[in-house]
Amino acid sequence: MDSEKHVLPAAEADEPKRNPSVPTYDSTGEVTGQWRSTEDFWTRNGLNLRSFERRPAGEAKMVELDKSMKTRHLHMIAIGGSIGAGFFVGSGSALARGGPATLLIDFIIMGIMIFNVVYALGELAVMYPISGGFYTYSTRFIDPSWGFAMGWNYVFQWAIVLPLELTVAGVTVGYWPKGADVSVGVWITVFYVFIILINIWGTLGYAEEEFWSSALKLSATVIFMIIALVLVLGGGPEGSMYDEYWGARLWYDPGAFNHGFKGFCSVFVTAAFAFSGTELVGLAAAETRNPLKSLPGAVKQVFWRITLFYVLGLFFVGLLVRYDNEDLLGGDGSNASPFVIVGANANLKGFDSFMNVVILVSVISIGVSGVYGGSRTLTALGEQGYAPKIFTYIDRSGRPLFSVATVLIFGALAYVNLDAEGPTVFDWLLALSGLAALFTWGSICLAHIRFRKAWAYQGHSLDEIPFKAVGGVYGSYMGLFIIFLVLIAQFYTAVSPIGTDVGTAEDFFKSYLALPVVILFWVAGFAWKRQGWLRTSQIDVDSGRRELDWEYINAQREQIKQWPAWRRIVHRLF
């Protein structure tokens, strides 16, 4: 695609001159000659009926999605996109099960894993600009049948997440007395309509919603950490729990660990799911005008999200909230959030409502992300012949219309929870996609390992890779190993949950039903395509590669070598 040929960062005054053979842009920032730039404002932004018409045929050889996402959007999606209820609420149940030390250690381990996963994804996405689905890297570098399984598994993951988040959003509003007076079904409808409206604006709607919701989530986390530091030092309001030096007393009483090894394994699994959605930055990169410039910077933001927000934020949570706090053990929704509990213990009036708003925004944000991630993957499946061709329908505003509509329809499953038996049915639906994120991350790591092996086998050098994963192939091996450990921990806690020696068959299958489902997809993919594990010699590393201006890249690399050490470090981290 012309719009995905090499597009390099704008040269600064002290940078080497670039190759002039690059795409040109009009005053709006669109690539001149790109099909979408010929549409009027209302059509381009999905605001009239004409925008729903199919894009004229013959203007692109491949499925070409909207390119309206900007670098600021991608960076914010990377640093705050997946921070949601798992962080703000799920961390409370994790603290109760494992204690503050376990909470901190497990999130650090999972942070190391996701750091390597995202860097491996960044390297592949910069090399191979694929619109709509990084599962295609599994198809290309591992096994086409496994890629088929990963694609459909990812679609179902997000399709089930959407009604879940709608339900949680309705429950979250119930934290306020007046909100609880209104039926949850009404709130589900309100948020359902909101998510549909966001998707009318297509990629730009998703990007702007994620930008501002991420900004709110990150701001709230920073505010919490500042307040938490003051409280730990004894600066709380007079008469509150924290009106004297608090320190790390809770690490001694009731203690740093809870439930021993079972607690550790249980929190390990929770920490893994708290990072779900981090990989969306790889999908979003395909809908930016300049992925080669914006994606590496966005990938680097993941390090700061893990370090500053997950690890540091939960460290303060472990310092300020007892793991045997009754609200953690028996609370529901926002009541069980350790962030809300800290505000209540500190007698900070209004802080609980502020955090409830943040939690509500986070939940809706993940729902919007579910529609985005599921629809783009479904479109890519259709393009590769793994789903009906109707899902390759791209309208004049660049939306994959039927893919978006299909995922949105799943949102109606939220109403099932209104029935007395609904939650039981819904729990089993969730079990279908329970391990989807782990399989996705593991596949990214394995695809990166196999890509590097095939790259070397065909005589290429690492210098030919424009953006390299910090940990290289060893980082991907580490990520794969940690994911394997999480699967073992999930198996162990499913067989022997906390509080009992042996769990029920129902509990086990609710935890592990996704595994036989993925295997079934794998077998179905093989039966359909008759393609199995790819040998190294069969892997194609050349077709579809991004065209690059190597004269400019090499000159830029030489210039970076001349920089002082501190500037090279800053460049590597940011």
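The values are calculated or read from the model by the stated rules, or taken from the named source; none is laboratory data. For clarity, every value in this text was computed on a predicted model and none was experimentally measured. In this analysis, Cβ positions are derived from the backbone assuming ideal geometry, glycine residues included, and neighbour counts consider all displayed protein chains. When the accessible area is computed, the model is the full protein with side chains, heavy atoms only, and any ligands, DNA or RNA have been set aside. Shrake-Rupley method; radii C 1.70, N 1.55, O 1.52, S 1.80 Å.
Table for the structure above
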| quantity | calculated |
| --- | --- |
| For region 116-171: accessible area per residue (Å², 1.4 Å) | 13 |
| Protection proxy ranking, peptides 487-493, 245-251, 272-278, average beta carbon neighbours within 10 Å, highest first | 272-278, 487-493, 245-251 |
| With every protein chain in place, region 192-282: carbon and sulfur % of accessible area (1.4 Å) | 73 |
| Amide H partners (placed H, <5 Å) of D395, local residues excluded | R55, L401 |
| Which listed pairs, of K178/K510; K70/K468; K468/K510; K262/K529; K300/K349, have C-alpha distances above 30 Å, in listed order | K178/K510; K468/K510; K262/K529; K300/K349 |
| Sorted peptide list for 340-351, 176-187, criterion being average Cβ within 10 angstrom, highest first | 340-351, 176-187 |
| Cα centroid of region 376-391 to Cα centroid of region 162-196, whole Å | 32 |
| Kirkwood-based shape ratio for region 177-285, expressed as Rg/Rh from alpha carbons | 1.10 |
| Most to least packed among 156-168, 450-462 [average Cβ atoms within 10 Å] | 156-168, 450-462 |
| Region 423-574: relative contact order as a whole-number percent, Cα under 8 Å and 6+ apart | 32 |
| Net charge, I198 excluded, C-beta distance under 12 Å - Lys, Arg +1, Asp, Glu -1 | -2 |
| Kirkwood hydrodynamic radius over Cα pairs of region 431-529, then Stokes diffusion coefficient at 37 °C and 0.692 mPa s, in µm²/s | 206 |
| Accessible surface of region 523-574, 1.4 Å probe, proportion on carbon and sulfur as whole % | 55 |
| Translational diffusion of region 82-172, µm² s⁻¹ [Kirkwood Rh, Cα pairs; Stokes-Einstein; 37 °C; 0.692 mPa s] | 206 |
